[in-house]
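Once you've had a glance at the structure underneath, I'll fire off some questions.
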Amino acid sequence: MNTLCNRISRAIALTVLMLAALPSLRAAPLKQGDAFPDLSKFTLEGTLPDTKDKVVLVDFFASWCGPCKDSFPAMQELHKQFGGKGLVIIAVNLDKKKSDMDDFLQKHPADFVIVRDAANKLVGEVKIPTMPTSFLLDRSGKVHSMHRGFKGEETRRTYAAEIEALLK
């Protein structure tokens with residue numbers, strides 16, 4: 001009986017240790033130089049563009065995000081300025097309801113690519129720290145830089161300088 005209790009106690013202790021270790025087993029957030037996940041492996045709603053040998057700006061946004069509303073005109077301007085030179089912008093919406101995304105896009109139109117991650121599978125893998133968060137990817141699909149939030153003209157100028165450097 002005593003041996004059985006010891007075995008059970010050890011099994012419980014081992015289980016507790018394993019559960020405590022789980023957060024450290026999760027992948028770390030993306031950082032500069034990391035390969036960005038292959039977007040085609042996620043069940044995103046919308047059509048993904050060809051990004052081979054392109055500089056890509058992946059922006060995560062939602063209808064309820066105030067700074068996201070401010071970032072869309074800047075991204076539209078970047079798309080017009082650099083879209084013909086090798087930049088692809090992909091905005092990833094995180095709204096649960098498609099109608100919320102559609103309402104947002106009515107007020108903040110864009111002619112760059114919009115997809116929706118309603119299942120939050122991509123955002124779960126990328127582990128964005130705040131809204132909006134954008135990743136600028138080099139031509140090989142690696143993270144060149146990450147931008148947390150949107151700080152108006154300052155962020156737009158930073159994007160433009162980084163994009164211009166990557167397109168050279």
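The values are calculated or read from the model by the stated rules, or taken from the named source; none is laboratory data. Model, not experiment: these values are computed from the prediction. Quick reminder, even Gly has a Cβ in these numbers, built from the backbone with ideal geometry, and neighbours come from all protein chains shown.
Checking the structure you have, find out if any residue of region 115-122 is surrounded by fewer than 14 Cβ atoms within 10 Å (Cβ to Cβ), of a type outside the set (A, V, I, L, M) and either out of contact with any Pro (no Cβ under 7 Å at 6 or more places or on another chain) or more than 14 Å from residue 46 (Cα to Cα) (or both).
Within region 115-122 (the criterion being surrounded by fewer than 14 Cβ atoms within 10 Å (Cβ to Cβ), of a type outside the set (A, V, I, L, M) and either out of contact with any Pro (no Cβ under 7 Å at 6 or more places or on another chain) or more than 14 Å from residue 46 (Cα to Cα) (or both)), the answer is yes, since at least one residue qualifies.
Taking the conditions exactly as written (in contact with a strand residue (DSSP E or B) (Cβ under 9 Å, 6 or more places away or on another chain), farther than 18 Å from residue 146 by Cα, of a type in the set (A, V, I, L, M, F, W, C) and part of a helix (DSSP H, G or I)), does residue 105 satisfy them or not? Write out each step before concluding.
Values: in contact with a strand residue (DSSP E or B) (Cβ under 9 Å, 6 or more places away or on another chain): yes; farther than 18 Å from residue 146 by Cα: yes; of a type in the set (A, V, I, L, M, F, W, C): yes; part of a helix (DSSP H, G or I): yes.
Against the criterion (in contact with a strand residue (DSSP E or B) (Cβ under 9 Å, 6 or more places away or on another chain), farther than 18 Å from residue 146 by Cα, of a type in the set (A, V, I, L, M, F, W, C) and part of a helix (DSSP H, G or I)), residue 105 qualifies.
Could you figure out which of (1) modelled with pLDDT under 95; (2) within 25 Å of residue 138 (Cα to Cα) isn't true of residue 34?
Of the numbered conditions (1) modelled with pLDDT under 95; (2) within 25 Å of residue 138 (Cα to Cα), the odd one out for residue 34 is (1).
Between residues in region 119-131 that are without any contact (Cβ under 8 Å) to a residue 60 or more places away in the chain and residues that are surrounded by fewer than 19 Cβ atoms within 10 Å (Cβ to Cβ) and among the small types (Gly, Ala, Ser), which pairs lie under 6 Å by C-beta distance while being six or more apart or on different chains?
130/149
Working only within region 132-144, note down all residues that are part of a strand (DSSP E or B) and surrounded by fewer than 16 Cβ atoms within 10 Å (Cβ to Cβ).
Across region 132-144, the qualifying residue is only 142.
Give just the number: which of (1) under 21 Å from residue 160 (Cβ atoms); (2) assigned to a helix (DSSP H, G or I); (3) among the charged types (D, E, K, R) does residue 59 not satisfy?
So the condition that residue 59 fails would be (2).
If residue 91 satisfies every condition in (1) in a helix (DSSP H, G or I); (2) hydrophobic (A, V, I, L, M, F, W, C); (3) out of contact with any Ser or Thr (no Cβ under 8 Å at 6 or more places or on another chain) but one, which is the exception?
(1)
Taking region 120-168 as the search range and keeping residues that are of a type in the set (Ser, Thr, Tyr) and under 11 Å from the mean Cα position of the chain (by Cα), which one is modelled with the lowest pLDDT? Walk me through it before giving the result.
First, the residues of region 120-168 that are of a type in the set (Ser, Thr, Tyr): 130, 133-134, 140, 145, 155, 158-159.
Right, trim to under 11 Å from the mean Cα position of the chain (by Cα) and you get 130, 133-134.
Details: 130: 92, 133: 96, 134: 97.
Per the stated criteria, the residue is 130.
Taking the condition of being out of contact with any strand residue (DSSP E or B) (no Cβ under 7 Å at 6 or more places or on another chain) and of a type in the set (Asp, Glu), how many residues in region 117-168 meet it?
4
Moving on. Of the residues 105, 87, only one is surrounded by fewer than 18 Cβ atoms within 10 Å (Cβ to Cβ), modelled with pLDDT of 95 or more and farther than 19 Å from residue 31 by Cα; which?
After ruling out the rest, the residue left standing is 105.
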